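Accompanying notes for the structure given below.
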Amino acid sequence: MSAEVTRDASVVVARDRNGLIAVLSAFFPDHGGEFLFLPGGRFEPGESPLECARRELREEAGVTADQWRPLGAYAITLSSTARVHLFEARSLTLGVQELTECEQDFKLMWWPVDDATRAVHDGRFLLPAGPLALLLVNDHPQAGGLSRS
């Protein structure tokens, strides 16, 4: 099996002081409908996993965070060396989304974690990194602590 080289990515569970998390939705015509996902995306050249997570959260959700907790890094597929880095973000400051032209239909919502978890079970998330991040945040809500940035 030869490894395909692609860029790593970061995905963020952004939780506000009320325990609600940032959930995005968009229509994906190639997949036949509207799906949910968490803020995240591929690294830009020279970015660290945390820098990517910060940028994607700011761009897609209009949110900055003072506290960050890494949740782990996982292979995206067996045929790629790329990894997805998962984070929890807290102590949020809300701002304005900075969406690119291809992201203009991204809708930001704030959901209780239990509702997002139900949506995972209902098959409403398209990509696996968001559901994995939700699982890790729910299973270990205080593990590792949050670091100030």
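The values are calculated or read from the model by the stated rules, or taken from the named source; none is laboratory data. Since this is a predicted model, take the numbers as computed values, not measurements. Quick reminder, even Gly has a Cβ in these numbers, built from the backbone with ideal geometry, and neighbours come from all protein chains shown. Accessible surface is based on the protein model in full, side chains and every heavy atom, while ligands, DNA and RNA are left aside. Shrake-Rupley method; radii C 1.70, N 1.55, O 1.52, S 1.80 Å.
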Practice item. Amide H neighbours of E34 under 5 Å, at least 5 residues apart or on other chains, H built in the peptide plane: list them. Key: F28
Check your understanding: Mind listing the phi-derived Karplus ³J(HN,Hα) values for segment 98-113, rounded to whole Hz, using 6.51, -1.76 and 1.60 with θ = phi - 60°, and x for any glycine or proline?
Key -> 10, 6, 6, 4, 7, 10, 4, 8, 5, 9, 8, 9, 10, 10, x, 4
Check your understanding: With every protein chain in place, what's the accessible area of T81 (1.4 Å probe, Å², nearest 10)?
Key -> 80
Review point. Of all trypsin sites (Lys or Arg not before Pro) in segment 1-103, which ones are in loop regions per DSSP and have a Cβ with at most 11 other Cβ atoms within 10 Å?
Key: R17
Review point. Rounded to the nearest whole Å³, what is the per residue volume of the convex hull around the Cα atoms of segment 1-63?
Key: 132
Review point. Hey, what do the phi angles of segment 42-54 turn into as Karplus ³J(HN,Hα) couplings, whole Hz, using 6.51/-1.76/1.60 and θ = phi - 60°, x for Gly and Pro?
Key: 6, 5, 8, x, x, 7, 8, x, 5, 4, 5, 4, 4
Revision key, fill the gap. Computed, not fitted: 222 nm per-residue ellipticity of the chain from DSSP H runs ≥ 4 (each -39500 (n - 2.57)), nearest 500, equal to -6500 deg cm²/dmol
**Study point:** Cα gyration tensor, segment 1-135 - rounded (a/c under 1.5), prolate or oblate
**Key:** rounded
Point to revise | Residue-span extension gain [H121 to V96] - 0.36 nm each, minus C-alpha spacing | key: 6.0 nm
